[in-house]
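What follows draws every value from the coordinates through simple rules; no lab data is involved. Small disclaimer: the values here were computed from a predicted structure and weren't measured. When we count neighbours, we look across all protein chains shown, and the Cβ atoms used for this are built from the backbone with ideal geometry, even at glycine.
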């Protein structure tokens, strides 16, 4: 199966060695690919100028970082509009499902990496606020009389509506953070929210700080996915949860063909017409194809030290939510 | 081997399932490196061109400030018109020279000081004055991306760069009324679907008074001149900067623009 895949790619894509390297990475045969699961970290320390993929292009690793930055810098303003257009609004459901899986309680400290425009953070705040209100309602209904202090606090509005929950949104891109902050101001989110400029491969936080780490549609843009996973392991508290929402491989062949047709024919056109940017959206659909499958990614997460790693495919595998625990 | 490939490809969801490199382009769109005919070229399938044409037409109507959408519409719908234009250029000696030498009009290729020093009433002077008064620059023209023939890509690029010179020749400002008039002239000259669509749908956004002026005076004048003048892409404008504008207009058979006074327009 793996060799067939190699043969197919070889005749398909021409004689570029990098393409064969990529196919070997997928099958796990060749261990010299930096972001693969086998022998990866060792070799990436030896060869500083290794090559990686940027969509279907081959670029050096330093180049990739800069190129990804430019992509998100240019799409930032129309990011949310394009998400709605491209997924026909379904991305909202995916993000809601991520929150449902997370089931945060008041007091949860969330780190949302590559959180840019704040979709996950705002949903988290809404969820926790609703939970807190629900808890208060239940208290009142159960005839548990509030103490005078609690009533006084209510009148003074001193009670934290989030119940101690905090979310830190971390992104490498200034433009995306800017848009996120504007959205927060426009939608009235003030408390419990912090915006930090940081790199997923080198997070500016201490060890054992957060209860939940999420990364939604961001990890495929990271140059060294294994480093990002290790950082995630580091900043989580013991017992903390890692959640990743990302595009993945479709398991149904018919839907896969339709999905490919839609991705490659329609999405760059949408990008050109709505955002005036064909190339960024071409990169987007290509980067989705380059990302490992659900099982491979699960193995990568396990390699980083997480346990009880599971995944759930949504919409026939177009996206998948991976979850792991630091125990 | 082909049978092996075919059976191997069936379970390979990641590759899109189509066979052969041609189908690969069809499904996967633009490639990197191979297949690019000129810098900035994005190869597109017929489906993508159709979607682009429809999308850009809609967006251009919705938001007239999206000049890039007008450009994309021109590129995706102009195949036959561009071939016709190219053949026109090949038949004319000056046009054939342009096709061979491929001159470009941009701020980097224009010698602005020399143009400014030209006598009053010359093409170069009037062109610069037009750029200054209307605050436009030849560098704002989008580069060609979706034309799949390298020579035709140059033809449409030349058409875009000559557009401002046409404004100067016709004496039309860059407000909506002026642009529509120039579009009518261009539609008759080039037969580009984008010009025809722009000429027909542009007036939707005009006021009643402007529309009346357009229909009664400007359109007949533009159409007459368009028919009378030879192909405007056949002029090597870079050699004609010193030529007095009046003489050039006489050569092309372009009459003076009708004086129109519309409230609210210069």
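Take every pair of alpha-carbon atoms less than 8 Å apart whose residues are at least six positions apart; their mean separation over the length of the stretch B:46-252 yields a relative contact order of 28 percent. Peptide packing for A:82-93, B:51-62 was compared via the average number of neighbouring C-beta atoms within 10 Å per residue; ordered from the highest value, the list is B:51-62, A:82-93.
Legend: mean number of C-beta atoms from other chains within 10 angstrom of residue C-beta atoms, peptide A:272-281, equals 5. Among B:107, B:37, the order by Cβ neighbours within 10 angstrom, fewest to most, reads B:107, B:37.
Peptide A:256-268 is shielded by partner chain Cβ atoms: per residue, an average of 5 of them sit within 10 Å of its Cβ. Rg then Dmax, both in Å and based on the Cα atoms of the stretch B:46-252: 16.7, 51.
Applying 1/(1 + (r/R0)^6) with R0 = 35 Å to the Cβ-Cβ distance of residue A:97 and residue B:54 gives a FRET efficiency near 0.60. Relative to one another, the C-alpha centroids of the stretch B:88-107 and the stretch A:52-130 are positioned 49 Å apart.
Here the translational diffusion coefficient of the stretch A:99-257 follows from Stokes-Einstein with Rh set to the Kirkwood radius across Cα pairs; for 25 °C and 0.890 mPa s it amounts to 142 µm²/s.
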